[in-house]
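Some notes on the structure that comes next.
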Amino acid sequence: MTAGAIAKALGGRKAGGGWTARCPAHDDRTPSLSIRDADGDKVLVCCHAGCDQKHVIAAPKNTSDIRFLR
Ligand SMILES: [Zn+2]
């Protein structure tokens with residue numbers, strides 16, 4: 001799974017060095033979710049609205065293999 005694949009699954013778009021998409025864990029009207037590729041086939045995800053990571057990854061099935069790194 002790549003950041004781009006996840007972003008596309010969420011209807012996101014490319015933004016700078018990563019991707020941005022609407023957060024699946026809250027009622028997001030503007031893209032709050034930042035998605036980018038990281039080392040080791042991992043994908044970094046951060047909701048700027050402050051959603052709990054577990055809620056973000058639990059929301060859509062197609063992002064169930066996202067790994068969070070901090
Ligand atoms: Zn969120």
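Any read-out appearing in this document is the output of simple, stated calculations on the displayed coordinates, not a laboratory observation. This structure is a prediction, so every number in the text was calculated from the model and none was measured. With ideal geometry, Cβ positions are generated from the backbone for all residues, glycine too; neighbour counts draw on all protein chains shown.
Between M1 and R22, the contour length at 0.36 nm per residue exceeds the Cα-Cα span by 5.8 nm. What the phi angles of the stretch 33-46 give under the Karplus curve with 6.51, -1.76 and 1.60, with θ = phi - 60°, is a coupling list of 9, 9, 10, 8, 6, 10, 4, x, 6, 9, 10, 8, 10, 9 Hz, glycine and proline written as x.
Placing +1 on the Cβ of every Lys and Arg and -1 on the Cβ of every Asp and Glu, with nothing else charged, gives the stretch 1-41 a dipole about its Cα centre of roughly 240 debye.
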